[in-house]
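Below is one structure, written out as structure tokens, with a few remarks after it.
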Amino acid sequence: MGDEFATPDRATFFEVNRTRLRAWCWGDEGAPPVVLVHGAYDHGRTWDGFAPRLAALGFHAVAIDVRGHGDSGRLSSGMAWNACTIDLCELARVLAPTPDTPIGMVGHSMGGGQVLTAAATMPERIAWLVNLDGLGPSADDFVDGDILDVATRCLDEIDKFRSLPPRPWASRADLVERRGAINVRLPRPFLEHLVDHGTREVEGGYVWKWDPAFRTGVPDGFSLELILAQYRHVTAPTLVLVSSEEDAWTEVHDEEAERRVALLPHGRLTSVPGAGHYVHVEQPDFVVDRITEFLDEIGARR
Amino acid sequence: MTDLLVLHDLGAPGGGEWAGAFAGWPGRVLAPDLPGHNGAPPPIGGHYESGDAVYLALGLLRAGSAGDVVVVGIGHNGAAAQILALGGRAVGLVLIDGLGGPWLGPDEIDARAREMRRRILTTPAAMSEPEPGAADPRATMVVGAADRDFAVRQAEAMPVPVLVIETPSSPTPDTDDLVGYFPRATLTRTDARDPHRVAEIVQSWWPIR
């Protein structure tokens with residue numbers, strides 16, 4: 001498939017936290033580092049349109065494949081939120097080895113949640129954050145279901161992923177169609193790029209690179225209150241850009257977004273006009289302009 | 001014949017002491033060494049989660065073509081045993097100091113999770129690859145069950161008979177109250193988490209007539 005996106009300046013791996021993270025790097029390696037964290041089921045190359053523009057602002061942009069995604073290390077018992085958070089904290093220490101080296105993080109969707117958790121864990125080391133439509137699930141997603149049904153489905157899913165290999169798709173074009181049917185607002189060139197770099201060939205066709213274990217987990221009492229409890233510990237200036245249009249995987253917006261961002265000690269919220277969940281893909285100029293203003297305001301650009 | 005699956009506590013020597021104690025159990029006894037314990041390899045990626053024992057148990061149950069199973073969850077892995085029972089993988093449940101607690105609110109649970117992540121980050125042996133065959137210091141760095149509302153939801157829905165064995169080591173502050181939420185539960189107290197004493201109690205409880 002054709003590819004209209006730029007190629008990263010460098011590709012590397014980081015050995016952190018007992019795993020291996022694939023990283024795609026842009027810009028001057030001596031510039032202040034910024035870690036880019038993609039959303040669930042995506043990968044580091046989904047930043048290929050955005051990362052060079054961030055690097056052009058004077059940063060060393062490092063777009064990782066999150067643990068369990070892309071070319072990075074595999075998972076054991078489900079999505080491993082804590083492991084991924086520790087990965088980010090350790091990567092920050094590698095990229096900014098002294099406490100006086102400022103490091104920023106940009107996360108989309110699930111990655112937006114992860115950068116918030118990382119900043120709450122290690123507030124003294126993370127200088128600023130940008131969260132792209134990643135304030136977490138809506139309150140409705142936390143309505144308690146029948147726990148017998150939930151537990152049974154979770155265990156069945158684990159048994160299934162352990163006993164059956166991922167289903168191969170006949171062609172990458174099929175995967176583009178499938179993903180396009182879910183994320184209906186994404187432009188086709190982006191979908192093709194997502195599939196080109198996010199799949200691998202196996203006998204019988206192609207499968208996503210993300211680890212099937214990522215889809216599994218066990219009930220553990222995770223709640224919206226737990227997500228929000230960490231927000232007041234995020235002391236870094238945080239720009240939150242949320243979608244304005246209904247979309248698959250769209251997280252919270254309007255009053256609920258305002259309520260959550262108000263919990264961030266230095267949070268500011270902007271709604272991106274005409275954008276669904278992938279705000280930086282649908283409205284890249286608007287998003288880059290707001291980030292530039294934010295970084296200038298907090299003095300993060302050199 | 002009912003099989004027995006024993007999930008030992010985090011930081012325990014392994015499953016061997018429990019397999020020996022239950023030698024008189026009439027069915028098969030599965031008492032694995034959990035990841036990172038007694039020379040068992042760590043989880044893929046080296047990070048430990050509360051669900052590790054669930055994943056291991058499902059693999060054992062599938063591989064062994066198990067029929068009826070009583071699941072025993074000890075300490076921290078009482079949570080895993082409860083999930084297996086709720087999910088239809090057990091005909092009976094034994095919790096040895098396994099109800100969870102101490103109970104915390106969201107702010108305290110979050111604080112505990114952040115503290116645990118920082119402790120891992122500042123413990124070199126927890127961040128580097130573990131020595132093969134040696135105890136992994138990271139294996140006990142897991143946040144335990146601390147949400148009482150969730151514990152009550154699990155108890156109320158429990159579809160199988162439950163034997164709760166409590167010792168002075170139990171972290172649960174309100175055992176009597178919590179046991180009352182299970183539709184069918186028996187509470188027994190003993191003075192130590194001694195595998196042979198516990199095995200006697202379990203074998204006098206099952207099968208339930």
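The values are calculated or read from the model by the stated rules, or taken from the named source; none is laboratory data. Just so you know, these numbers come straight off a predicted model, no measurement behind them. Reconstructed Cβ throughout: ideal geometry from the backbone, glycine too, with neighbour counts over all protein chains shown.
Could you say whether any residue in region A:117-127 is more than 14 Å from chain B (Cβ to nearest Cβ) and touching a helix residue (DSSP H, G or I) at 6+ places or on another chain (Cβ under 9 Å)? Scanning region A:117-127 turns up at least one residue that is more than 14 Å from chain B (Cβ to nearest Cβ) and touching a helix residue (DSSP H, G or I) at 6+ places or on another chain (Cβ under 9 Å).
Every residue, every condition in (1) within 19 Å of A:His69 (Cα to Cα); (2) without any contact (Cβ under 8 Å) to a residue 60 or more places away in the chain, yes or no:
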position	(1), (2)
A:Arg185	no, no
A:Arg188	no, yes
A:His197	yes, no
A:Val202	yes, yes
A:Tyr206	yes, yes
A:Pro219	no, no
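Against the test of being exposed (fewer than 13 other Cβ atoms within 10 Å of the Cβ) and in contact (Cβ under 8 Å) with a residue 60 or more places away in the chain, the options B:Pro207, B:Pro183 yield a single qualifying residue, B:Pro207.
Of the residues that make up region A:7-20, is at least one within 14 Å of chain B (Cβ to nearest Cβ), under 30 Å from A:Asp296 (Cα atoms) and surrounded by fewer than 23 Cβ atoms within 10 Å (Cβ to Cβ)? Spell out the reasoning first.
Start the filter on region A:7-20 by keeping residues that are within 14 Å of chain B (Cβ to nearest Cβ), which leaves A:14-20.
Adding the requirement that they be under 30 Å from A:Asp296 (Cα atoms) leaves A:14.
Narrowing the set further to residues that are surrounded by fewer than 23 Cβ atoms within 10 Å (Cβ to Cβ) leaves A:14.
Checked against the condition, which is being within 14 Å of chain B (Cβ to nearest Cβ), under 30 Å from A:Asp296 (Cα atoms) and surrounded by fewer than 23 Cβ atoms within 10 Å (Cβ to Cβ), region A:7-20 yields at least one hit.
Residues in region A:228-245: is at least one within 23 Å of A:Arg125 (Cβ to Cβ), assigned by TED's automatic domain parsing to the domain that holds A:His108 and surrounded by fewer than 16 Cβ atoms within 10 Å (Cβ to Cβ)? Yes, that holds for at least one residue. Does A:Gly39 satisfy the criteria of being more than 14 Å from chain B (Cβ to nearest Cβ) and closer than 15 Å to A:Lys209 by Cβ? Considered against the rule, which asks whether it is more than 14 Å from chain B (Cβ to nearest Cβ) and closer than 15 Å to A:Lys209 by Cβ, A:Gly39 comes out as yes. The helices (runs of 4 or more DSSP H) falling completely within region B:64-141 that include 2 or more residues that are surrounded by fewer than 19 Cβ atoms within 10 Å (Cβ to Cβ) map to B:106-121, B:124-127. Against the criterion of being among the polar types (S, T, N, Q), over 26 Å from A:Arg178 (Cβ atoms) and in the same structural domain as A:Ala119 (by TED's automatic domain parsing), A:Thr250 does not qualify.
Of the residues A:Leu186, A:Leu148, which single one is at pLDDT 95 or above and either assigned by TED's automatic domain parsing to the domain that holds A:Gly104 or more than 20 Å from the chain's Cα centre (by Cα) (or both)?
Exactly one residue qualifies, and that residue is A:Leu148.
Based on this model, can you work out whether A:Pro165 counts as closer than 17 Å to B:Tyr55 by Cα, more than 10 Å from chain B (Cβ to nearest Cβ) and surrounded by fewer than 24 Cβ atoms within 10 Å (Cβ to Cβ)? Here the answer is yes, as A:Pro165 does meet what is asked. Considering (1) in the same structural domain as A:Gly267 (by TED's automatic domain parsing); (2) closer than 28 Å to A:Asp220 by Cβ; (3) surrounded by fewer than 24 Cβ atoms within 10 Å (Cβ to Cβ), say which one A:Ala118 fails and leave the rest. Every condition holds for A:Ala118 apart from (3). Against the conditions (1) facing chain A (nearest Cβ under 7 Å); (2) in contact with a His (Cβ under 7 Å, 6 or more places away or on another chain), B:Gly144 satisfies every one except (1).
Can you name the residue in region A:24-43 that is of a type in the set (Gly, Ala, Ser) and touching a residue at least 60 places away in the same chain (Cβ under 8 Å) and, of all such residues, is surrounded by the most Cβ atoms within 10 Å (Cβ to Cβ)?
As a first pass, look at region A:24-43 and keep what is of a type in the set (Gly, Ala, Ser): A:27, A:30-31, A:39-40.
From the residues that got through so far, the ones that are touching a residue at least 60 places away in the same chain (Cβ under 8 Å) too are A:31, A:39-40.
Working: A:Ala31: 16, A:Gly39: 24, A:Ala40: 17.
Result: A:Gly39.
Assessment of region B:162-175 against the conditions (assigned to a helix (DSSP H, G or I), more than 9 Å from chain A (Cβ to nearest Cβ) and not aromatic (Phe, Trp, Tyr)) yields at least one matching residue. The residues on offer are A:Val242, A:Val207, A:Val218, and the sole one that is closer than 30 Å to A:Gly145 by Cβ and touching a Pro at 6+ places or on another chain (Cβ under 7 Å) is A:Val207.
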